[in-house]
Amino acid sequence: MNRNELVAGVATKAGIPRNQAEKVLDALGDVVTEAVHKGDKVSLTGLLSIERVMRAPRTGRNPQTGEPLSIPAAYSVRLSCGSRLKAAARGDLRTVS
């Protein structure tokens, strides 16, 4: 599903015009991005949770030479699936609705 299909699906499910659905998705993206930037955890119960995590520094290897190199600590994003999303992935449609 691409962005246009998602906008159309949200508009249909919510019974709103397509341009309003697009504004809602844009606003959702902005709010989630700002929350993750601040270090807050975003949780949509049953669907997913998103949080910023710190990856520890580690030693890697240059794939061409095999020489070890230092990879510094960095922030990353962790996504966790909620129960409804897991049920949909299993094909259990009774618990998805």
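The values are calculated or read from the model by the stated rules, or taken from the named source; none is laboratory data. On a predicted model such as this, the values are computed, not experimentally measured, just so you know. Please note: Cβ atoms are built from the backbone with ideal geometry, for glycine as well, and neighbour counts cover all protein chains shown. Just so you know, the surface numbers come from the protein's heavy atoms only, side chains and all, with ligands and any DNA or RNA stripped out. Shrake-Rupley method; radii C 1.70, N 1.55, O 1.52, S 1.80 Å.
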Estimated [θ] at 222 nm from DSSP helical runs (n ≥ 4, -39500 (n - 2.57)) normalised by residues in the chain, nearest 500: -13500 deg cm²/dmol
For the chain, what's the relative contact order in percent, using C-alpha pairs closer than 8 Å and at least 6 residues apart? 19
Computed accessible area, Leu48, all protein chains, 1.4 angstrom probe, square angstrom: 50
Ignoring ligands, DNA and RNA, what accessible area per residue does the chain give at 1.4 Å, in Å²? 79
In the chain, carbon and sulfur make up what percent of the accessible area (probe 1.4 Å)? 56
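Where nothing but the Cβ of Lys and Arg (+1) and of Asp and Glu (-1) is charged, how large is the charge dipole of the chain around its Cα centre, in debye to the nearest 20? Don't skip to the answer; put the middle values down first.
Values: 15 positive and 9 negative charges, 68 e Å.
About 320 debye.
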Using each residue's phi in segment 59-76, evaluate 6.51 cos²θ - 1.76 cosθ + 1.60 at θ = phi - 60° and report the 3J(HN,Hα) Karplus result to the nearest Hz, with x for Gly and Pro. 9, x, 10, 5, x, 7, 9, x, 5, x, 9, 8, 9, x, 5, 7, 7, 9
Which label in (1) 6.2; (2) 8.5; (3) 9.4 gives the computed mean projected area of the Cα convex hull in nm²: (3)
Cross-link reach from Lys41 to aspartates and glutamates, straight Cα distance under 12 Å and at least 8 residues apart if same chain, gives Glu51
Solvent accessible area, Å² - Met54, 1.4 Å probe, full protein context: 110
